[in-house]
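The values are calculated or read from the model by the stated rules, or taken from the named source; none is laboratory data. This is a predicted model, so every value here is computed, not measured. Methodologically, a virtual Cβ is constructed for each residue, glycine included, from the backbone with ideal geometry; neighbour enumeration extends over all protein chains shown.
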Amino acid sequence: LFAADEEVGHDLAAVDWAATPLGLPGSWPQSLQTAVDILLSSRFSMWMAWGAQLTFFCNAAYRRHTLGRKYPWALGRPASEVWAESWDDIGPRIETVLATGKATWDEALLLFLERSGYPEESYHTFSYSPLRDDAGAVVGMLCVVSEDTERVIGERRMTTLADLGSDPSVVRTEQETLDFAARQLDRNRRDLPFTLTYLFDDDDNGVAARLAGSTGIAAGHPAAPAVLPAGDPDPVWPVAVLLRGESPLVSLVSARFAVLPAGAWSEPPVQALVVPLARHGGPPYGFLVAALNRYRPLDEGYRAFVGLVTGHLAAGIASARSYQDQQRRAEELAELDRAKTTFFSNISHEFRTPLTLIMGPVQELRRRLAGADPQVREELEVIGRNGLRLGKLVNMLLDVSRIEAGRMQASYEPADLAQVTAELASVFRSAVERAGLAFKVDCPPLPEPVYLDRGMWEKVVLNLLSNALKFTFDGSIHIAVRAEGGQAVVAVADTGIGVPAREMPRLFERFHRIEHTRSRSNEGSGIGLALVQELVQLHGGTITASSTEGAGTTFTIRLPFGHAHLPAGTLVPAGHAATVSASADPFVQEALRWLPGDARDSGGTGARPVPEEITPANDTAASAQAGRALPARVLIADDNADMREYLARLLRSAGYRVTTVTDGQAALDAVRADLSDLVISDVMMPRLDGLGLVAALRADARTAAVPVLLLSARAGQEASIEGLRAGADDYLVKPFSAAELLARARASVELARFRNRESQFRRALIDALQEGFFLTDEEGSILEANQAFLVLVGYSADGLPFHWPHPWVPDPGADPDGWAAAAQAFDDYKRHGGGRYTIPVRHHDGHTIWLACSSASLPSPDGHGRLFVGTARDVTAERLATQREATLAGFAAALAAAGEISEMLTTAAREIAAAVHARQVRIALWSSHDNPAIAGWPRPAPGEGASAAVTGALDVVRRQPAASVAVLPGDEGTSQLAAPLDGTGSSAIAAEFPAGRPVSAEVRELFSVLTSHLAQVLAKARDYEQTRAVALTLQHAILAPTELPHGFAARYTPAVPPLEVGGDWYDVIPLPGQRTGVVAGDCVGRGLPAAAVMGQLRSASQAVLLRAAGPAEALADLDIFASRIPGAECTSVFCAILDPAAGTVTYSSAGHPPPILVTAGGDYHLLDQARSLPLAMLPADWRRSQATATLPPGATLMLYTDGLVERRNQPLDKGIDAAAVTVAEHAQDHPDDVADHVMSTMTPAAGYEDDVAVLIYRHPPAPLAVQISAADPSCLALLRARLRQWMSAAGIGSREATDILIAAGEAAANAFEHATAGRPADAAPVQITLSARAVHTTVQLTVADTGSWQSPAADRDQPAPGTRGHGLIFMHALMDDVTIDPSAHGTTVNMTKDLTS
Amino acid sequence: MTNDATPAGPAHHRPASGSASAASPQAWFEFLPAGEREPAIVRAVGDIDLTNVGQFQAALHQAAAASSAITADMTAVTYCDSAAIRALFIAARQAQLTIEVSTAGPINETLLRVSGLDQIATIVTPD
């Protein structure tokens, strides 16, 4: 009874059946015996239950796959005992089967099986069907089961990995990366009940770890401490082991973990795998604690899964950190640049004062010691020369830093550029000629004036000439002015040593000096050319340089005519006749000293302008310096000229410095402009009298302390009291003696000085404050402010007091937002009596800064109302930084939303253009060839490149180090910012700004930050696209051919997107003797692993088919091959050889569904002979067989894989039938159409679940033969219709079919002409015959008539256009071989078309 | 091509011939005179062969008489032999000719090159 399987049978026989309700096997009914026999002989995994207790039986496959350690214990026991752990799930199902007699079906049902010593998560697809006894009653059930555990769990893990890789944003911070990953990991609480991600931090005691992410576990749980401190001898997680790179398995069964969360399960995990987040070339970033599914073994797949998750986290962290580093580097560079500018600005100011105090006395000494010892004079000259040089350098540095800060004040006046330039050049003539060089000045008048800032333009020309002289030893220096292309052009050319090509891009860079070159002097700061470029740009112009090393250098300046390009408000009327200012002298002096034989010795001072004292015109500090040492300053106000002169003379003789004015108002103005130590004023004066003057002075905090001595003709107590009450310090009645006046004056001055000492101290203190300081009254008027505050707003102390609205409050019309902010702050300040506020301020020179102010109130010293003291700090940089952050965040978001690279570049260009207010932005990507692909905003038209200047800029910067930004001239006076987008020179970006708008440091910085972000994103996107392209290429390499021979059509649908390959395949292999091998196969499994096996088998099948004698031998060879490839076993393959000449197909099947053969008439049958087992499954003594079937003309053969026809709950036959009916319905259609119909008809509602491969072959149909009468030309249409139909059935492609149709039509049309031309009317009607046949890969066409041939009249090769005769030429052109056989009884045209070409 | 709007007064020739066999795909020609549009358009649909090339030529002639520039829209032509090519040659002598062809249609590159039609007319491929 149990003979069908020796092993299980033996164990079944050993069961004590007498103890079961079934009794001894000899007594079993026939139905039970049959069921047991079926069970044991099946290779499918099955078990069955029989009788009242549902006694358990199973076969070998079930034992192996499912039962595990319960064998053989389970045999003969009640099923409810065997499957006690899952009886809740399966018991009711079995009862249903027993009660209803209907089978059940469950797919991928989760069952916990105790087959390996622990409850194991497993999935099973099974059907319970009823078993009946001999009487037909249901007494048991049979379960056919296949286990899906690997597939279900594999898919679940793949989903998690795919989710991890689905991050749509390109760049994230480290925390965002981890948060995203956590959200994905949290979705798979089966494989990862909980996870913890720790990152290592170095602290003083060693390495600590902090919790950076978690899933499935609450914060603060004992297993998830926020920090694992360094030096902890027994940390919760084994940090030391992880730092060594090991991945320990940690038991979670420990009191220290308390109750752990269970994830998707009912019981908490018992083990966790802890894996380091590996860092390339360094210690790990941290580690991942992955709590493990207690219902699955930690096998290789599980380990690999955790490993891939960890790898993904580590890669994310690496990417985020690298991005942060780059970002920080760019910001540090910008900060450094800013600091440098500030430093130079400060230091230059500091230099000027001592320089003034050196140069003044030196000039004086030179004058006084003109006749002194030559050595003394020489030393004075040295001091003087070097002072000049230092002054020049300081002035240049100041210019550069002013431009840098956007605070260069320019005044453009219309000028005769040629004349101005020529005059500047003439200053240099003597120096150039003394150097032995020719000096050519070529400055013809220009048609229109050019607007110049004279001071700046002098610096431009003098710097260039000085530069030329410095580097030229022979030949000439040439300066020329001309008009060209609507612009004024100034060129300075020399025949000097030139500039090496590699230095050209950096020529205009600040502080960049070309080292190791020969020059007349080693001196130089490296800012001359940078300054020149900036000054030219301020003029809305450009400067370019061209140079040949050893031959010379030419600088070319282009300036627009007119003033449309200059900011309004900077224009002034033309000045007086041009003269060269003193600023030229330092240049010439310096140049002369480079020449041999010091020019100063020749003493020719008359030819040169006399050097003037360097006096910073606005430097009020300079005069203040001397304050203490000077005598007291007295201001005399009297309308009587005699009295003024008398008082002045008197006081001067006493050592006072005296200023006189004629009335009170003038006195008030003078004092406000420059405080006096004493004011002596008449009482009676026009405009403002003495008492009014006193009141005004006392009302102003700044002048309140100035002592006033009133003089009056009015005597008497009252007058004097009136004067003193008004606030005068003393009162003198005319006439008064000189001694009395001087005594009173001295007393007042001394008293005032004594009185003022405290306030002066206070003032000094306030002025020393770095922050702006101000004093206001209740109305908001600023009564007093320190120097720092005045510098901040750009107004001088002369304007005090400043009443609300202060002159620096933004204009409500031009800047409504700024005005609103300031007004709001002012209201708050008045209501609350001070406070803190940040307001926009329009600096005197027009730019906007932001001040953070803080003010507090105090009682007014005079007891009336309150005063407010406040401080102000420039927070423009902070605000800009904040705005920059916001801009960057928006930029990053916009880029993240963009998909492909091209879309991303357009988005980036648009965002950058908007952020920096650029006119246009262009991005170039270089691939292998020289012409880059250009993207940008506004979008370039298709095929549009970039202008020469933009291309030049992109090309210059692409090789620069990453994160560098260059300022370059653009087209038509515009300027550009350009930066590389990677370090390899393959991409760069350039932004072009409108003409006349200098690029500020802020814009440059913002551009740098945005482009370095773009660089990051671009690099990552390029990597991704490359990886994808590689993956697709590899997939296509193992896919089946898409170019099929004539007569074939194929369709392929992989089951697992986005893969384009799967486990199914088809192939068409041309064989010798005009035969063709066709193969369809199906590897076990799905997705990439199956595709890899498929690729190998496909290659192998091609090789064996070429070698083997027939399909059976080919499959036998494949058996051997498959047994050696892991995963190739059990592949089903159908293999056939088509012999069109013989009209046969010889085939053999290795467990593959049978192909369908459909005749032209629509009858069909299956190629179901020669069937055997799948590859490598054959018992040793089995041989593969082959069978041969006939291919009738026009037959259709379809090979397919089971995905096409297999449907759940439906026998395979039904699907095969449906497919066959569809092919039969289209038996005459083109093979491509047949394939389309089959694929669409067979598609299940939810789409194909498995891979599907379909290969269709159309055997050549029977030859076509049509005969028509030439009497009716409309028959031509019939002829074409029949030919079209036949060609479609023969599977001829549409292009070839069109050619054949036209050639046949021409031949037939010719035949018609034969029929009508020169034939007797009574002759028999001409018949036209068309026949067509498909022979191997050619179509043979014959058109014959019974008329007489019309000679083509010598136009065979080249007919005159538009004349008759194209027909024959068309036939020759469209067909491969044409022969015409005219005879007296008719003409036959034979044509052949090769379908392979 | 704007052939869906039917302008006032186009000359229609459809079907090609009253006696045409039922097997022949329906063929017709329509002439849209140059009014708002320039040039005039002759649109051909279906198979052009001996039986209807005369009508095609007539439509072209009518167009050439009305306008100095004409466009032959051949995108819907399914068959076309040397007779039709000849008609186009004649039209090109009468007016400045633009021919619109479909890449998948019978008037392919070979036909244009071999006939020399591409040298005397402008070839446009709308698809």
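Here are the numbers for this structure:
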| quantity | calculated |
| --- | --- |
| Residue within the range A:1293-1310 that is at pLDDT below 90, in a loop (DSSP other than H, G, I, E, B) and within 14 Å of chain B (Cβ to nearest Cβ) present | yes |
| Selection count, the range B:81-104, where residues are within 11 Å of chain A (Cβ to nearest Cβ) and under 15 Å from B:Asp118 (Cβ atoms) | 6 |
| Residue that is modelled with pLDDT of 75 or more and under 29 Å from A:Pro567 (Cβ atoms), where the choices are A:Ser986, A:Ser1000, A:Ser947 | A:Ser947 |
| Candidates A:Leu1010, A:Leu1018 - the one that is among the hydrophobic types (A, V, I, L, M, F, W, C), over 24 Å from A:Glu503 (Cβ atoms) and modelled with pLDDT of 85 or more | A:Leu1010 |
| Single match in A:Val1238, A:Val1254 (criterion: away from every other protein chain (no Cβ under 14 Å), surrounded by 24 or more Cβ atoms within 10 Å (Cβ to Cβ) and part of a helix (DSSP H, G or I)) | A:Val1238 |
| A:Asp1229 being touching a residue at least 12 places away in the same chain (Cβ under 8 Å) and in contact with a strand residue (DSSP E or B) (Cβ under 6 Å, 6 or more places away or on another chain) | no |
| Leading residue by the ranking (nearest to A:Arg1280 (Cα to Cα)) among those in the range B:66-80 that are within 12 Å of another protein chain (Cβ to nearest Cβ) and crowded, with 20+ Cβ neighbours inside 10 Å | B:Tyr79 |
| Selection status of A:Met1242, more than 25 Å from A:Ala1281 (Cα to Cα) and either among the hydroxyl-bearing types (Ser, Thr, Tyr) or in contact with a Gly (Cβ under 9 Å, 6 or more places away or on another chain) (or both) | yes |
| Those strands (runs of 3 or more DSSP E) lying entirely in the range A:175-281 with at least 1 residues within 39 Å of the chain's Cα centre (by Cα) and of a type outside the set (A, V, I, L, M) | A:195-203, A:206-215, A:271-279 |
| Candidate set from the range A:1365-1389 (those that are out of contact with any Ser or Thr (no Cβ under 8 Å at 6 or more places or on another chain) and away from chain B (no Cβ under 14 Å)); member that is nearest to A:Asp1345 (Cα to Cα) | A:Ser1383 |
| Members of the range A:100-133 that are closer than 30 Å to A:Asp16 by Cβ and free of Cβ contacts under 8 Å to residues at least 24 places away in the same chain | A:Phe126 |
| Boolean, A:Leu790 is in contact with a helix residue (DSSP H, G or I) (Cβ under 7 Å, 6 or more places away or on another chain), modelled with pLDDT of 85 or more and over 21 Å from A:Met408 (Cα atoms) | no |
| Which listed residue, of A:Leu1115, A:Leu1138, A:Leu1157, is outside any helix (DSSP H, G or I), of a type outside the set (Gly, Ala, Ser) and touching a residue at least 60 places away in the same chain (Cβ under 8 Å) | A:Leu1138 |
| Among the residues listed as A:Ala896, A:Ala935, A:Ala889, A:Ala918, the single one being without any contact (Cβ under 8 Å) to a residue 12 or more places away in the chain and not charged (D, E, K, R) | A:Ala889 |
| Top-ranked residue of the range A:1273-1292 - restricted to ones that are free of Cβ contacts under 8 Å to residues at least 40 places away in the same chain and within 16 Å of B:Pro106 (Cβ to Cβ), ranked as farthest from the other protein chains (Cβ to nearest Cβ) | A:Arg1284 |
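A quick yes/no check of all residues on (1) crowded, with 21+ Cβ neighbours inside 10 Å; (2) closer than 24 Å to A:Ala137 by Cβ:
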{"site": "A:Ala4", "(1), (2)": "no, no"}
{"site": "A:Arg43", "(1), (2)": "no, no"}
{"site": "A:Met48", "(1), (2)": "yes, yes"}
{"site": "A:Leu67", "(1), (2)": "yes, no"}
{"site": "A:Trp73", "(1), (2)": "no, no"}
{"site": "A:Ser80", "(1), (2)": "no, yes"}
